[in-house]
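Contents: one structure, followed by commentary.
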Amino acid sequence: MLHIKLPQNLCDFDPNSVEVQLDDKILEALRKGIDRYNQKAISNAQKIQYFQVLPHDFSMATNELGPTMKTRRNVIFEKYSKIIDKMYGNRKV
């Protein structure tokens, strides 16, 4: 089970300050699901190569989603830059 204490106002929350630790069973289930998806992908560009579980969902309140529920990539990239950099290491995004 995942327990993270989040502040009342998620706008003040720094997602880079938390490292999510998943139960081994949950992590294995995620990997199996991704493997099943990747087997059906028709190209490498469609395959999930890296993933990271974030401490909270994207929302309008935290500004990652706009009013039409589309992701705001520039906000996500800025807010989660350390997590993205760690996930990709020296590779270009």
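So which residues in segment 49-93 are modelled with pLDDT of 90 or more, β-branched (Val, Ile, Thr) and loosely packed, with under 13 Cβ neighbours inside 10 Å, if there are any at all?
Once the filter is applied, which keeps residues that are modelled with pLDDT of 90 or more, β-branched (Val, Ile, Thr) and loosely packed, with under 13 Cβ neighbours inside 10 Å, segment 49-93 yields Thr68, Thr71.
Within segment 37-70, which residues are among the β-branched types (Val, Ile, Thr) and over 25 Å from Leu22 (Cα atoms)?
Scanning segment 37-70 gives Ile42, Thr68.
State all residues of segment 16-48 that are surrounded by 10 or more Cβ atoms within 10 Å (Cβ to Cβ) and modelled with pLDDT under 90; if no residue qualifies, say none.
Scanning segment 16-48 gives Asn16, Val18, Glu19, Val20, Gln21, Leu22, Asp23.
Suppose the filter is modelled with pLDDT of 90 or more and either in a loop (DSSP other than H, G, I, E, B) or more than 21 Å from Tyr88 (Cα to Cα) (or both); does Ile4 pass it?
In short, no.
The values are calculated or read from the model by the stated rules, or taken from the named source; none is laboratory data. Since we're looking at a predicted model, the values are computed, not measured. Please note: Cβ atoms are built from the backbone with ideal geometry, for glycine as well, and neighbour counts cover all protein chains shown.
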